[in-house]
1. Can you pull out every residue in the stretch 1-21 that is assigned to a loop (DSSP other than H, G, I, E, B), modelled with pLDDT of 90 or more, exposed (fewer than 10 other Cβ atoms within 10 Å of the Cβ) and aliphatic (A, V, I, L, M)?
2. State which residue is most open to solvent (accessible area, probe 1.4 Å) when the search covers only the stretch 27-64 and only residues that are within 13 Å of Ala379 (Cα to Cα) and β-branched (Val, Ile, Thr).
3. So, Arg319, is that one surrounded by fewer than 16 Cβ atoms within 10 Å (Cβ to Cβ), part of a helix (DSSP H, G or I) and among the charged types (D, E, K, R) or not?
4. Can you tell me which residue in the stretch 258-285 is most open to solvent (accessible area, probe 1.4 Å), limited to those that are part of a helix (DSSP H, G or I) and out of contact with any Pro (no Cβ under 8 Å at 6 or more places or on another chain)?
5. In the stretch 141-156, is there at least one residue being part of a loop (DSSP other than H, G, I, E, B) and of a type in the set (Ser, Thr, Tyr)?
6. Suppose the filter is surrounded by 22 or more Cβ atoms within 10 Å (Cβ to Cβ), polar (S, T, N, Q), on the phi > 0 side of the Ramachandran plot and in contact (Cβ under 8 Å) with a residue 12 or more places away in the chain; does Ser255 pass it?
7. Pairs only if they're at least six apart or on different chains, beta carbon under 7 angstrom, first in the stretch 135-155 and more than 20 Å from Tyr16 (Cα to Cα), second open to solvent by 40 Å² or more (accessible area, probe 1.4 Å) and assigned to a helix (DSSP H, G or I); list them, first residue then second.
8. If Pro380 meets every condition in (1) closer than 24 Å to Ala152 by Cα; (2) part of a loop (DSSP other than H, G, I, E, B); (3) touching a strand residue (DSSP E or B) at 6+ places or on another chain (Cβ under 9 Å); (4) of a type outside the set (A, V, I, L, M) apart from one, which number is that one?
Amino acid sequence: MMDIQTREAAVLWQTYARPPVEFVRGEGVRLWDVHGRSYLDFLGGIAVVAAGHAHPKVVSAVAGQLATLGHTSNLYFTGPQVDLAERLVDRFGGGAKVFFSNSGAEAVEAAIKLARRWGRANRGEQAVGIVAAEGGFHGRTLGALAATGKPAIKQAFEPLPPGFRHVPFGDADALRAAIGPETAAVLLEPIQGEAGIRVPPDGYLEAAREITSQAGVLLMLDEIQSGMGRTARFFAHQHAGIRPDVVTMAKALGSGFPIGATLAVDQVAAAMRPGDHGTTFGGNPVACSAALATLDVIEPLLDGHVTKMSRRLGDGLRRLRDRIGPDAELRGAGLWFGLDLGPRDPGDTGAPGARDVAAAALSRGLVVNPVTDTALRIAPPLVIEEADIDEGLLRLGGALEGVGACR
């Protein structure tokens with residue numbers, strides 16, 4: 001590892017704090033490092049590898065498309081792009097149009113531009129503002145970062161684009177009060193991912209839909225991490241039975257191949273005109289073929305498999321939570337959980353945190369992520385089976401015991 005760490009430090013921006021492991025191969029829910037050691041992947045590339053590593057259908061689709069036609073730019077029609085757009089619109093419920101990009105941040109940037117274009121046309125020249133949630137995460141480009149409600153990662157890059165206002169997540173009254181004549185849209189995650197898999201109170205999304213509809217502004221939902229079956233429905237907002245105006249997607253959409261998408265209902269998408277937005281690589285035939293194959297894999301899993309695996313994983317995590325102590329918390333839905341160790345006393349420098357547990361888990365052959373100082377993110381591939389869940393829970397339990405985080 002020292003060799004690759006030294007080489008990396010000489011040539012790459014030092015923007016990541018990586019653990020000392022180099023992965024070289026993946027299959028299903030397992031990874032192998034450069035020394036041939038096997039690991040259970042309970043992170044899935046940050047909720048990306050929904051179909052599992054190297055799924056034959058995805059590999060075949062990517063290789064076949066690349067061998068046929070890899071790129072033409074968006075100056076010309078290509079079939080896979082239209083095929084994928086039709087499929088996503090169908091899963092949304094029809095009456096919508098899609099713009100394809102390369103990442104989640106780009107999908108959010110497209111949504112911000114769309115909101116401003118629509119706001120000016122429908123609510124007046126002043127209506128370019130966006131209300132978002134504290135603790136929310138929408139990406140690291142300047143516009144997406146301005147929408148993000150995490151001051152600690154924003155301050156070094158100010159001034160950011162103006163027009164963004166943040167309110168407490170889950171507080172419908174605060175959301176209602178923040179909307180004014182200058183507002184074009186509300187941007188929310190159905191479940192906050194980078195904040196530690198935080199689920200809003202029952203009825204919050206329904207209230208957000210009602211509030212935005214009454215105010216005549218857009219409801220835009222960031223489903224980049226929560227979508228594509230992660231919560232056992234194709235979109236997380238479908239659990240609430242609502243229909244947003246705009247949805248952003250990425251991460252699991254290509255099961256590891258970079259692709260993002262911004263979907264908007266017809267009357268909102270109509271605000272964008274030729275030349276208003278564009279991308280060289282977005283929606284290229286290879287990315288769209290990867291996404292189509294990914295959907296072929298994960299959609300059948302939403303007919304009971306994800307729910308069944310969620311129940312087994314959730315039950316095991318609750319048992320671990322109870323062993324951690326009364327302040328520990330388990331949050332999440334589907335195959336997406338945050339196991340929070342509970343508040344840490346600032347004066348207790350010896351108390352184990354999420355990083356300690358994640359490192360101990362990695363040493364036991366289990367990949368999880370310290371999404372916050374106290375919370376572990378658990379988001380395995382959706383193809384996971386019961387035996388893998390049971391094995392992973394044993395390893396996680398051993399890690400918690402090893403650092404003294406549980407009884």
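1. Leu12, the sole residue that qualifies.
2. By that ranking, first place goes to Ile46.
3. Values: surrounded by fewer than 16 Cβ atoms within 10 Å (Cβ to Cβ): yes; part of a helix (DSSP H, G or I): yes; among the charged types (D, E, K, R): yes.
Taking the combined requirement at face value, the residue satisfies it.
4. Per the criteria, the residue is Gln267.
5. Going residue by residue through the stretch 141-156, those that are part of a loop (DSSP other than H, G, I, E, B) are 141, 148-150, 154.
Narrowing the set further to residues that are of a type in the set (Ser, Thr, Tyr) leaves 141, 148.
Within the stretch 141-156, one or more residues are part of a loop (DSSP other than H, G, I, E, B) and of a type in the set (Ser, Thr, Tyr).
6. Details: surrounded by 22 or more Cβ atoms within 10 Å (Cβ to Cβ): yes; polar (S, T, N, Q): yes; on the phi > 0 side of the Ramachandran plot: yes; in contact (Cβ under 8 Å) with a residue 12 or more places away in the chain: yes.
When the stated conditions are applied, Ser255 passes them.
7. These pairs meet every condition: Gly143/Glu109.
8. Of the numbered conditions (1) closer than 24 Å to Ala152 by Cα; (2) part of a loop (DSSP other than H, G, I, E, B); (3) touching a strand residue (DSSP E or B) at 6+ places or on another chain (Cβ under 9 Å); (4) of a type outside the set (A, V, I, L, M), the odd one out for Pro380 is (1).
The values are calculated or read from the model by the stated rules, or taken from the named source; none is laboratory data. Just so it is clear, the model here is predicted, and its values are computed rather than measured. Methodologically, a virtual Cβ is constructed for each residue, glycine included, from the backbone with ideal geometry; neighbour enumeration extends over all protein chains shown. For accessibility, only protein heavy atoms count, side chains too; no ligands or nucleic acids. Shrake-Rupley method; radii C 1.70, N 1.55, O 1.52, S 1.80 Å.
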